[in-house]
Amino acid sequence: MRKTHPRTPKSGGKSSSKLRIIGGEWRSRQLPILDIEGLRPTTDRVRETVFNWLNFDIPGASCLDLFSGSGALGFEALSRGAKDCTFVELNRNVAQQIKQNLATLQSNDGTVVNSDALTYLNTAPHSFDVIFLDPPFRKGLLEQVMPKLSDHWLKPGGYIYIERETEAALDGLPEHWQLVKEKRAGQLTFTLYQAMYKNPT
């Protein structure tokens, strides 16, 4: 998990861990991530599975990493040919680290928004091809976020990836989201949906 929401940094929030990109242009590149309680990248194993699911849909896609944390999913998408990715991260220091890592990769295709996810979704919408949802566990954030991801945030036929604790029910799932894939890894369940509604009129 790659969690957000203010927490007390360990060791002053220094960069002491590494995120490894597992595929694409930046394969095997390692990026620093802050030593902050609860901030852990989505595991290599899970990312490999997810991006195998999205193998033909990431190139050229516009992506949203809504609870970015380390930015693991967004960086992986950009490495594999996504057109652009918006990283939304509440913690200012963590957001700054994402910006620094984009600079290290010499990428101009990432936009970092230092904001609460719900606040961001109350702004003027931008349509994405792929949205990654990996919020902090046990805070009820998925139930708050999903109804806001209307037709205007996700393009018809676009994909929504959700990572959650296995015991958490997905209440309030939009009726137009069709289950594509689902898998468990320990206490984690990760799921891919596709938006099957028509173009908004």
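The values are calculated or read from the model by the stated rules, or taken from the named source; none is laboratory data. Worth saying up front: this structure is predicted, and the values here are computed from it rather than measured. Reconstructed Cβ throughout: ideal geometry from the backbone, glycine too, with neighbour counts over all protein chains shown.
Once segment 51-71 is narrowed to residues that are of a type in the set (A, V, I, L, M, F, W, C) and farther than 21 Å from residue 146 by Cβ, the residue that is surrounded by the most Cβ atoms within 10 Å (Cβ to Cβ) is 58. Exactly one condition in (1) modelled with pLDDT of 85 or more; (2) at positive phi is false for residue 178; which is it? Condition (2) is where residue 178 drops out.
Summed over segment 166-189, residues that are within 23 Å of residue 148 (Cβ to Cβ) and of a type in the set (Gly, Ala, Ser) total 3. The condition (being surrounded by fewer than 22 Cβ atoms within 10 Å (Cβ to Cβ) and under 22 Å from residue 182 (Cα atoms)) is satisfied by just one residue among 25, 76, 37, 48: 48. Candidates 184, 138: the one that is at pLDDT 90 or above, exposed (fewer than 11 other Cβ atoms within 10 Å of the Cβ) and out of contact with any Cys (no Cβ under 6 Å at 6 or more places or on another chain) is 184. When the residues of segment 152-175 are filtered to those that are farther than 15 Å from residue 130 by Cα and not hydrophobic (A, V, I, L, M, F, W, C), the one that is nearest to the chain's Cα centre (by Cα) is 164. One residue stands out among those in segment 138-163 that are among the aliphatic types (A, V, I, L, M) and not in a helix (DSSP H, G or I): the one that is nearest to residue 70 (Cα to Cα), which is 162.
Look at (1) in contact (Cβ under 8 Å) with a residue 40 or more places away in the chain; (2) in a helix (DSSP H, G or I); (3) within 19 Å of residue 47 (Cα to Cα); (4) not acidic (Asp, Glu) and you find that residue 135 fails only one, number (2). Residues of segment 100-121 include none that is within 13 Å of the chain's Cα centre (by Cα), charged (D, E, K, R) and modelled with pLDDT of 95 or more.
Somewhere in segment 163-175, is a residue over 25 Å from residue 58 (Cβ atoms), free of Cβ contacts under 8 Å to residues at least 60 places away in the same chain, surrounded by fewer than 20 Cβ atoms within 10 Å (Cβ to Cβ) and of a type in the set (A, V, I, L, M)? Yes, segment 163-175 has at least one match.
On the basis of being surrounded by 18 or more Cβ atoms within 10 Å (Cβ to Cβ), closer than 25 Å to residue 194 by Cβ and hydrophobic (A, V, I, L, M, F, W, C), does residue 118 make the cut? Criteria not met by residue 118.
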